[in-house]
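Okay, so here's the structure we're looking at.
Just so you know, all these numbers are worked out from the coordinates, no wet-lab data involved. Everything numeric in this text was worked out from a predicted model, so none of it was measured. Counting neighbours? That spans all protein chains shown, and the Cβs are built from the backbone with ideal geometry, glycine included.
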Amino acid sequence: MKIYADSLGTHLEQQLLPAYLISGDEPLLMGEAADAVRARARAAGFTERETHFLERGSDWNDVRASASTLSLFAERRIVEIRLASGKPGATGNAALVSLLEARDPDRLLLITCPRLDRDAQAAEWVRAVEKHGAWVQVWPVEASKFVSWLRTRCRRLKLNADDEALALLAERTEGNLLAAHQEIEKLRLLVRGDRVTAEDVLNSVADSARFDVFKLGECALAGDAERTLRMLDGLRAEGVEPTLVLWSLSKTVRDLWSSLTSPPSAARSWPRQTAALEAGRRRAPRLSFPRLTARAVRADRMIKGRLSGNPWDEMALLAAELCGEPALPLTRGMLK
């Protein structure tokens, strides 16, 4: 079955299926959906959890063996599979179908992956999820609904934000849900009582001088290599997780590639983001998307410890090439 992210909580109150697929490009909403499934599973006795990070070409035999091995303490467990893309290849497809068809009552499968395109949605493993479990599609919050989303999020934290405060928050975060969530959490700590005014938002923003990971991709699209690399250094110095930084750069590459075939929807774009994407589109013919993808894959493998090297250095090369600046060449051996 398919479940909207908004109705996942109600669904989990009524039942717990043996498998869940959560897909999308919004890390905050995906993380919250996965947390909800984990919490419900723990309440049902799934006290163990194992996680597998898989990309195209990974060895799925380890996953099969691990998932079918009985726990030392005979505990029910969550087997979490995090896919780098929605196309795990023929081997991955077969392995996932096999795991889903097995229907082990002491095992719950939780699969997460980026947004699935039309071809990926028709894959056999996705149909198997729909047959034996649930597919939760996480969609971006449209610009026209963002203020309403902010209001709901504030109320969830018992904050009463007035219209002007919400408008300022929307302008500040421009559709970046993680940034919006962080700002609201900060307001919850700063304000006295439950009322949030425009002045509270302005004071909170004035106290925030850190580099913003969500502006990194926008700056790279604009082609400002010096500022992009300076922002990257700032994020590294602040201890920001490299996974989040790589997500921002990878999403920028995907958005730019997608924009070449279909213009961005005005309903889901903010003026500054649209301007940056248009600047990137003008430079796109001079960019090598296979090289950009290879850089992103290398950085991802370095973060996971599967390839020697510093992921921050690789992300700096990725950012420079995305800005249109020449970087170190990629040899055939470097792609392994």
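Evaluate E = 1/(1 + (r/R0)^6) for residue 294 and residue 118, where r is the Cβ-Cβ distance and R0 equals 25 Å; express this FRET efficiency to the nearest 0.05.
0.50
Have a look at 114, 290, 242 and tell me which one the Gaussian network model of the chain (Cα, springs below 10 Å) gives the largest fluctuation.
It is 290.
Once amide H atoms are placed 1.01 Å from N in the peptide plane, what residues at a sequence separation of 5 or more from residue 136, or on another chain, have their amide H within under 5 Å of its amide H?
So residue 136 has HN proximity to 3, 21, 22, 23.
Taking the range 147-232, which trypsin sites (Lys or Arg not before Pro) meet the DSSP loop condition and have no more than 12 other C-beta atoms within 10 Å?
Passing sites in the range 147-232 are 158, 192, 210.
Which FRET efficiency, nearest 0.05, do residue 91 and residue 147 yield, Cβ-Cβ r, R0 45 Å?
Calculated value: 0.50.
State the extension gain, in nm to one decimal, for the chain segment bounded by residue 66 and residue 156, taking 0.36 nm per residue of separation less the distance between their alpha-carbons.
That pair, residue 66 and residue 156, stretches by 28.5 nm at full extension.
Could you work out the Kirkwood radius for the range 105-252, taking every pair of different alpha carbons, averaging 1/r and inverting it, reported in Å?
Computed over Cα pairs of the range 105-252, the Kirkwood hydrodynamic radius comes out at 18.0 Å.
Restricting the calculation to Cα positions, tell me the Rg (one decimal) and the Dmax (whole number) of the chain in Å.
Gyration radius and largest Cα-Cα distance of the chain: 21.2, 60 Å.
Starting from the Cα-Cα distance between residue 202 and residue 53, subtract it from 0.36 nm times their residue separation and give me the gain in nm to one decimal.
Difference between extended and current length: 49.6 nm.
Quick one, what does Rg over Rh come out to for the range 4-100 if you take C-alpha atoms and the Kirkwood Rh?
Reported Rg/Rh, Kirkwood definition of Rh: 0.96.
When only DSSP loop residues count, what trypsin sites (Lys or Arg not before Pro) in the range 1-105 have their Cβ near at most 15 other Cβ atoms within 10 Å?
Listed in order of number, the matching sites are 56, 103.
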